[in-house]
1. Sort THR102, THR113, THR30 by heavy-atom solvent-accessible area, probe 1.4 angstrom, most to least.
2. Can you give the charge dipole size of the chain about its Cα centre, rounded to the nearest 20 debye, using +1 on the beta carbon of Lys and Arg and -1 on the beta carbon of Asp and Glu?
3. Return the calculated 222 nm mean residue ellipticity for the chain, to the nearest 500 deg cm²/dmol, obtained by summing -39500 (n - 2.57) across DSSP H runs with n ≥ 4 and dividing by the residue count.
4. Among the listed pairs LYS24/LYS44; LYS14/LYS96; LYS13/LYS73; LYS24/LYS87; LYS45/LYS87; LYS65/LYS98, which have their C-alpha atoms separated by more than 31 angstrom in this model?
5. Under a 5 Å amide H to amide H cut-off, with H placed in plane at 1.01 Å, what residues pair with GLY75 once short-range neighbours are removed?
6. Taking only Cα atoms, what is the 0 to 90° angle, nearest 10, from helix 54-66's long axis to the longest principal axis of the chain?
7. Leaving out ligands and nucleic acids, note down the accessible area per residue over the chain with a 1.4 angstrom probe, in whole Å².
8. Between helix 30-40 and the chain, what is the angle of the helix's C-alpha long axis to the longest principal axis, kept within 0 to 90° and rounded to the nearest 10?
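The values are calculated or read from the model by the stated rules, or taken from the named source; none is laboratory data. These numbers were taken from a predicted model, which means no experiment stands behind them. Heads up, the Cβs are rebuilt from the backbone with ideal geometry, glycines too, and the neighbour counts pull from every protein chain shown. Ligands, DNA and RNA are stripped out before the accessible areas are found, and what is left, the full protein with its side chains, is counted by its heavy atoms. Shrake-Rupley method; radii C 1.70, N 1.55, O 1.52, S 1.80 Å.
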Amino acid sequence: TSGSFFEGPAWNKKISEQLTAITKAPTVTTAGGMAACLMAGGFKKVDIVTPYVELTNERLKHFLKAHGINVVKLGTFDMLDMFNHAKIQPEEIYRKVKEITTPKSEAVFVACTQLRALEVLDESVAHVEGDRVRGLDARCP
């Protein structure tokens, strides 16, 4: 995910265009899909869980801001080594979702394709009330 948002929206667009040219098929990056899904849901204020370090988290916030999405609260596992991201246990992700969810947000998004968030999706959705549940859904609205 961070590889497509780290350098900003223009970089993300360039990656998608290059992949489309190579594959001769429509493509989307993970970050592009994240932004599109949040925008399609009408979410402008989100809480985010990431495994990233501060610099990467700041880049994520800027990427989302460029798409009209503000990060209300961010919870991180603060891991520099990307190979450790997949070692984060689903229960830890759920605890982090519970820890960072605020009433001011409209959705909660767990960033990073290496995080095993789907394994705790039901518990996470049950924790978030009302319309914000869509932000935790594994599908784009």
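1. On the way: THR102 25, THR113 100, THR30 65 Å².
Greatest to least solvent exposure: THR113, THR30, THR102.
2. On the way: 18 positive and 17 negative charges, 95 e Å.
For the chain, the charge dipole is close to 460 debye.
3. On the way: 6 runs with 61 residues, N = 141.
Calculated at 222 nm, the ellipticity per residue is -13000 deg cm²/dmol.
4. Details: LYS24/LYS44 33 Å; LYS14/LYS96 33 Å; LYS13/LYS73 26 Å; LYS24/LYS87 35 Å; LYS45/LYS87 29 Å; LYS65/LYS98 23 Å.
From the list (LYS24/LYS44; LYS14/LYS96; LYS13/LYS73; LYS24/LYS87; LYS45/LYS87; LYS65/LYS98), the Cα-Cα distance tops 31 Å for LYS24/LYS44; LYS14/LYS96; LYS24/LYS87.
5. Result for GLY75 returns ILE48, VAL49, THR50.
6. Relative to the chain, helix 54-66 is tipped by roughly 70 degrees.
7. Details: 7810 Å² over 141 residues.
Value for the chain: 55 Å² per residue.
8. 70
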